[in-house]
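Taking it in order: structure first as structure tokens, then the write-up.
The values are calculated or read from the model by the stated rules, or taken from the named source; none is laboratory data. Here the structure is a predicted model, which means the values were calculated and not measured. We place every Cβ from the backbone using ideal geometry, glycine too, and count neighbours over all the protein chains shown. To get the accessible areas, we keep the full protein, side chains included, count just its heavy atoms, and leave off ligands, DNA and RNA. Shrake-Rupley method; radii C 1.70, N 1.55, O 1.52, S 1.80 Å.
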Amino acid sequence: MIEGDIRHLETCKKAVQNVDYVLHQAALGSVPRSIADPITSNEVNVSGFLNMLVAAKEEKVKRFIYAASSSTYGDSETLPKVEDIIGKPLSPYAITKYVNELYADVFSKTYGIETIGLRYFNVFGRNQDPNGAYAAVIPKFVKQLIQLESPVINGDGNYSRDFTYVDNVVQMNELAMLTNDNEALNTVYNTAFGERTRLKDLVHYLKEYLTVYNPEIKNIKVKYGSNRIGDIPHSLASIEKAKKILGYQPKFSLKDGLKESVDWYWNNLK
């Protein structure tokens, strides 16, 4: 474990010394955070990412696998999302993640580093932080329901997401690291389950699974607020490319993952 900041090149070099494979997950997530502070998001997600690529090049890393984002699809209305069709970014965060893909492609072609980008779709799971202004929606809602508070959905609840349990994401990282297929390299893959769920249905499932632990949760009312600037209305991934080339077979549906997550949060948040 090295404590450091990817904005510091020397720290990045230290982290990748004598390393063959880099699984790069570091970033400042959150669309709203990037809208509130685009400069810091850019420093971390673009300059920091570039530092990691440069460090990997100089330390002769074999393969660089990195967390890309479904936000790259931007204003494209095509569903399901396929890797070759993207729109214009809708937030500073989305711009930074698209720039990551462009840099990775250039480094592959220019310096010969093997790169694979994994476009994560709304990852969730145990141990995800429910606190703070930019907490992800599932842990935030779970914490509120456990505390018998009303969760607030942005919009009318009909926006939909391809929620992806963390174990599926781990599987994709492992497959990307272990593949020996040259066709699999220097490209990007959707990393998702391949189903979309409306936000109001998500809250319904959470209430159902948490009511097992506390029957009072069943009666909590949901509140609705305004839509957030920069949000994509609907997100659904095609995972055919990952299945065909990497052999990806996600094991956890949304409901399976929610049950695992709810159990963890109930035992660790109280």
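A count restricted to the stretch 202-226 and to residues that are at pLDDT 95 or above and touching a Gly at 6+ places or on another chain (Cβ under 8 Å) stands at 1.
Of everything in the stretch 20-78 that is in a loop (DSSP other than H, G, I, E, B) and of a type in the set (D, E), the residue that is nearest to V170 (Cα to Cα) is D20. Restricting attention to the stretch 57-75, the residues that are of a type outside the set (V, I, T) and farther than 17 Å from Y189 by Cβ total 7. Quick one: is T191 under 23 Å from L102 (Cβ atoms), open to solvent by less than 40 Å² (accessible area, probe 1.4 Å) and touching a helix residue (DSSP H, G or I) at 6+ places or on another chain (Cβ under 6 Å)? For T191, the condition - under 23 Å from L102 (Cβ atoms), open to solvent by less than 40 Å² (accessible area, probe 1.4 Å) and touching a helix residue (DSSP H, G or I) at 6+ places or on another chain (Cβ under 6 Å) - is met.
Taking the criterion of being among the β-branched types (V, I, T) and either part of a loop (DSSP other than H, G, I, E, B) or in contact with a strand residue (DSSP E or B) (Cβ under 9 Å, 6 or more places away or on another chain) (or both), the residues of the stretch 97-115 that qualify are I113, T115.
Of the residues V169, V142, the single one that is under 24 Å from V61 (Cβ atoms), surrounded by 19 or more Cβ atoms within 10 Å (Cβ to Cβ) and under 20 Å from the mean Cα position of the chain (by Cα) is V169. Applying the condition of being buried (at least 19 other Cβ atoms within 10 Å of the Cβ) and modelled with pLDDT of 95 or more to the stretch 145-160 and asking which residue is farthest from L269 (Cα to Cα) yields L145. Only one entry of L28, L53 meets the criterion of being out of contact with any Gly (no Cβ under 7 Å at 6 or more places or on another chain), more than 13 Å from Y93 (Cα to Cα), crowded, with 16+ Cβ neighbours inside 10 Å and touching a residue at least 12 places away in the same chain (Cβ under 8 Å), and that entry is L53. Residues in the stretch 116-138 that are assigned to a strand (DSSP E or B) and either over 14 Å from G257 (Cα atoms) or polar (S, T, N, Q) (or both): I116, G117, L118, R119, Y120. Of all residue pairs spaced 6 or more apart or on separate chains, those with beta-carbon atoms under 7 Å, a first member in the stretch 247-270 that is farther than 15 Å from Q144 by Cα and open to solvent by less than 30 Å² (accessible area, probe 1.4 Å) and a second member that is among the polar types (S, T, N, Q) and not in a helix (DSSP H, G or I) are L254/T197. Of all residues assigned to the stretch 75-88, at least one qualifies as being modelled with pLDDT of 95 or more, of a type in the set (D, E), under 19 Å from the mean Cα position of the chain (by Cα) and within 24 Å of A192 (Cα to Cα). So which pairs qualify, if the first residue must be in the stretch 132-147 and free of Cβ contacts under 8 Å to residues at least 60 places away in the same chain, the second must be hydroxyl-bearing (S, T, Y), the Cβ gap must be under 8 Å, and the two must be at least 6 apart or on different chains? If the second residue must be hydroxyl-bearing (S, T, Y), the pairs left are Q144/S150.
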